[in-house]
Amino acid sequence: MTEGIPGVDTSGADVRIVTSGGRCFAAHTHVLASASTVLEKQLERAEKRRTTSGGGKTIRILGVPCDAVSAFLSFIYTSRCSAEEMERYGVHLLVLSHVYCVGRLKRECERGLARTVTAESVVDLLQLARMCDAAYLKMRCLKVLEGGFKEVEATEGWKFLQAHDPFLELELLQFLDDAESRKKRRMRSRDEQGLYMELNEAMECLEHICMEGCTTVGPHDGGPPNQTKKGPCQRYSTCMGLQLLIRHFATCGRKVHGGCSRCKRLWQLLRLHSSICERPEPCKVPLCEQFKMKLSVEKKGEDGKWRLLVRKVVSAKAISSLSQRERKLNHNPTMVVGWDDEDFSATQQKHEIFSFGTF
């Protein structure tokens, strides 16, 4: 007997859907053809057979439970699938949606199955995702595999995979190796970025000390800093370390022969400052002008690693200035209202430095 689709009015149905369990569902040709191009082709062939041999139009959907076929047809009519149906027949519905090219149902099945991925089921669902070209489900399975490979390795699914599909095993092991390499590169890049941010902070503190003065060290053409008028700066630990380094540099007798590592460190900081300094007027940072003149003469023979360091510090400076402006805007949103063309142009230049100043 032909039965109707639950929750759907099938009066006037002109096609029968036959399942593996022998159950038949009544449906409409125009509904099925509009939902799936595959069903449309099958209906055209069924129509040709009906005209030649007589009888009604019949389509067979075999290899899946009858209730899964019922849920599949119900979705075609209503565009809805209950949570219970997704839990019980999610795998079958994904296969049906892939075979019959019902994209919306396929996306819902991928999301529903992705929420159920565990160490026990990840191998089976990964194989299913590969066969059904389910990219979202495959990505979720790979994340679970990457996050808990030791648990997955102890499951029966992985042992079965090792015995029957060594090529997939090799592909997954290669993925895990690449993921570990990417993780190490990200950590190394984060550490390097942190180093460049520290160098940028040192550059800012050096300018602050040489132009404004801080606690014990101040500009060479001004008086000693007055600690009673202003307290320690916001970056006191970095400023204090630089001040101690400057005071050591001023009194060290070994720097003439290049034998003092602390003096070399300050010398490199002064050279780095001169490489990124863009002040049109004479800079108050010691040796800045002299380094600029030397760099202009020796520009062709400049060390590539040094140029890379300069560009990375400039990039860190741009990131720092942009993040500071973001924090100010978040703290006081009304600042956005008063922007003029000059502010917009300056912000645009910072974005350009961030985009083109890194590798």
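Quick notes
- Sorting D165, D177 by accessible area puts them as D177, D165; the probe is 1.4 Å, largest comes first, and only protein heavy atoms count.
- Region 6-81 - percent of accessible surface contributed by carbon and sulfur, probe 1.4 Å: 49
- Links that overshoot a 24 Å alpha carbon limit, given the list K41/K106; K143/K184; K150/K184; K159/K183: K159/K183
- Computed from label points 7 Å out along Cα-Cβ, the spacing between R60 and E180 is 5.0 nm.
- Alpha-carbon centroids, region 71-123 and region 138-165: separation in whole Å: 22
- For R49, solvent-accessible area (1.4 Å; no DNA, RNA or ligand), Å²: 130
- Once the 1.4 Å probe is applied to the protein heavy atoms, region 1-139 comes out at 52 Å² accessible per residue.
- Amide H contacts of V15 (H built 1.01 Å from N, in plane; Pro and chain starts excluded): A27, T29 sit under 5 Å, all sequence-distant by 5 or more or on other chains.
- A straight chain from T10 to R247 at 0.36 nm per residue would run longer than the Cα-Cα distance by 76.1 nm.
- Distance between the modelled labels on T51 and E278, one decimal in nanometres: 7.5 nm (7 Å Cα→Cβ projection).
- Of K292, K48, the order by accessible heavy-atom surface (1.4 Å probe, DNA, RNA and ligands excluded), from most exposed downward, is K48, K292.
The values are calculated or read from the model by the stated rules, or taken from the named source; none is laboratory data. For clarity, every value in this text was computed on a predicted model and none was experimentally measured. Positions of Cβ are backbone-derived with ideal geometry, glycine not excepted, and every protein chain shown enters the neighbour counts. Protein only, heavy atoms only, side chains kept; ligands, DNA and RNA dropped before computing areas. Shrake-Rupley method; radii C 1.70, N 1.55, O 1.52, S 1.80 Å.
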